[in-house]
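To start, the structure itself, in structure tokens.
Read-outs throughout are calculated quantities, based only on the coordinates presented, and are distinct from any laboratory measurement. Just so we're clear, the structure is a prediction, and the values are computed from it rather than from any experiment. Because the Cβ atoms are built from the backbone with ideal geometry, glycine has one as well, and the counts that use them run over all protein chains shown.
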Amino acid sequence: SSPVTLSAAPDRAEAAARAEAQFEEAFGYAPDGVWSAPGRVNIIGEHVDYQDGLCLPMAISHRCFAAAARTPTDRVRLRSAQDDRVLDLDARELTPGAVEGWPAYVAGVLWALRKHISGAATQGMDIMIDGQVPLGAGLSSSAALECAAAEAIDALLSLGTEPLDRVQATITAETDFAGASTGGLDQSASVLSRAGHALFLDCRDFSTRAVPWDLASQELALLITDTRAEHSHVDGEYTARRADSERAAELLGVATLRDADIDQLQELLGRIDDEVVRRRARHVLTEIQRVRDFDALLASGTVREHVAELGALLNASHDSLREDYEVTVPQLDVAVDAAREAGAHGARMTGGGFGGSTIALIEAGQAESVAAAVAAAFVEHGFTAPEFFLALPSEGAGQDR
Ligand code: GAF
């Protein structure tokens, strides 16, 4: 089989120093500081956040860096190591829909923080972004950007916001300013994750609990496969799934599917005549239960002790997303099937689907062989070659320099 590369994230301290140097080069003076926020994988609890569900994400080692300085103006000057454009915006005149592409995520955060900002004399700043979360891989490069920006803006303008305020502001930036109606999983993971832990997230109130998830000491690993599949129709299909799940909640007479009683699953499903809406509801209801089961296993022993049951839950999650929620594409299914056949304890798509990445829970020593098996399956199917990463549960957003 073909040799594979397991890419590692750039070293955090080196990447932060580089962002600082890029700022100096772009703006001609030293920044006040460097802040960063990570991308994420969701271990389990997919397509449930917008139904007040439960999720278990973790931050990955890849981060987005923001080197920034306050200026005595109301201009926001934005640069990016990934884009040649120079943006110069009026901080007081930001309007939803007026800024496009990646700058909308930064401008949106400033806009969303406005109620905390009202006291600030001026809002001017220079920001250099260096996004090291792979783009288009379903690893939340945009949430990482928003959350790095939120850390920088909070510090530069001395806003003193709480982490949950920044979670809310980054969600608002994405839904109301950039116009993507996502559910808050990604921003919560990026801001609130702890190194060595997964994040148990209750999307009803965004309360969280750190769950020990130290795979390395147990000689286990989480292999990420970026399928490189074209994200097509993502926005439209995502919105359609949300609408289906809202319809299901309405038919069951609950505000969100989180409020439905899983012990009555068959009876509840029997009340939904539309076959498609019924399957959508079955996914959301059973997925929330899988998160509870996964969390209960982790509370009663190590990952190693329960690895078979945890793997089975990952597999069941993927199968439900494939059959009931219909958000997978052939590349995701092939990556998952190949990883399972190559000996992974469990594998599933992660994130919104329709492309993006999969995760596989594997023996640490199996990373190369599982990756090689996935790569070979992609060759066989004529798919673009995938990329592989090993994910360590990392620290959420914060200051680097
Ligand atoms: C995307 C969204 F941004 C999240 O809010 C979440 O709904 C996820 O898809 C699916 O679990 O990442």
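Largest first, the extents of the alpha carbon coordinates of the chain on the three principal axes equal 61, 53, 41 Å.
For the chain, the residue among 172, 69, 356 whose Cα projects farthest onto the positive side of the dipole built from Cβ charges is 69. Projected onto the charge dipole of the chain (+1 at Lys/Arg Cβ, -1 at Asp/Glu Cβ, origin at the Cα centre), which of 113, 311, 4 gives the Cα projection farthest towards the positive end? The residue sitting most towards the positive pole is 113. In this Cβ point-charge picture (+1 for Lys and Arg, -1 for Asp and Glu), segment 130-239 has a dipole of about 220 debye about its Cα centre. The charge dipole of the chain, taken about the Cα centre with unit charges on the Cβ atoms of Lys, Arg (+1) and Asp, Glu (-1), comes to about 480 debye, rounded to the nearest 20. In this structure, the amide hydrogen of residue 136, modeled 1.01 Å from its nitrogen in the peptide plane, lies closer than 5 angstrom to those of 141, counting only residues at least 5 positions away or on a different chain. Spatial offset of segment 245-310 relative to segment 111-134 amounts to 38 Å, using the alpha carbon center of each.
Between 0 and 90 degrees, the angle of helix 141-156 with respect to the longest Cα principal axis of the chain falls at about 40 degrees. Length gained on full extension, residue 232 to residue 181, computed as 0.36 nm times the residue gap minus the Cα-Cα distance: 16.7 nm. By how many degrees, between 0 and 90 and to the nearest 10, does the Cα long axis of helix 367-381 differ from the longest principal axis of the chain? Roughly 80 degrees, rounded to the nearest 10. Using the rule -39500 (n - 2.57) for each DSSP H run of four or more residues, divided by the residues of the chain, the 222 nm mean residue ellipticity is -12500 deg cm²/dmol. Counting 0.36 nm for each residue step from residue 121 to residue 292 and taking away their Cα separation leaves a gain of 56.9 nm. Net charge near residue 229, counting Lys/Arg +1 and Asp/Glu -1 over other residues with Cβ under 13 Å of its Cβ? Its environment carries a net charge of -3.
Potential lengthening of the chain between residue 73 and residue 8 amounts to 19.5 nm, from the contour at 0.36 nm per residue minus the alpha-carbon distance.
Proximity of backbone amide H atoms, modeled 1.01 Å from N, is registered between residue 40 and 60, 140 at under 5 Å, excluding neighbours fewer than 5 places apart on the same chain. Over all other residues within a Cβ to Cβ distance under 14 Å of residue 17, the charged ones net out to -3, with Lys and Arg as +1 and Asp and Glu as -1. Taking amide H positions as modeled 1.01 Å from N, with prolines and chain starts lacking one, the residues under 5 Å from residue 80 and 5 or more places away or on another chain are 129.
Sorting 162-169, 54-61 by average packing, meaning the other beta carbons within 10 Å per residue, from highest down gives 54-61, 162-169. Counting only Cβ charges, +1 for Lys and Arg and -1 for Asp and Glu, the dipole size of segment 199-298 around its Cα centre is about 60 debye. Across segment 255-401, the mean sequence separation of Cα contacts (distance under 8 Å, 6 or more residues apart), normalised by length, yields a relative contact order of 16 percent. Sequentially through segment 95-109, phi angles give Karplus couplings (6.51, -1.76, 1.60; θ = phi - 60°) of 10, x, x, 7, 10, 10, x, 4, x, 4, 6, 6, 4, x, 5 Hz, Gly and Pro residues having no value and appearing as x. For a modelled paramagnetic label at residue 214, 7 Å from Cα along Cα-to-Cβ, the residues of segment 175-202 in reach, with backbone nitrogen under 15 Å, are 194-198. Ranking 199, 223, 234 by Cα position along the charge dipole of segment 171-245, where only Lys, Arg, Asp and Glu carry charges on their C-beta atoms, puts 199 farthest toward the positive end.
Charge tally around residue 122: other residues with Cβ under 10 Å, Lys/Arg +1 each, Asp/Glu -1 each, net +2.
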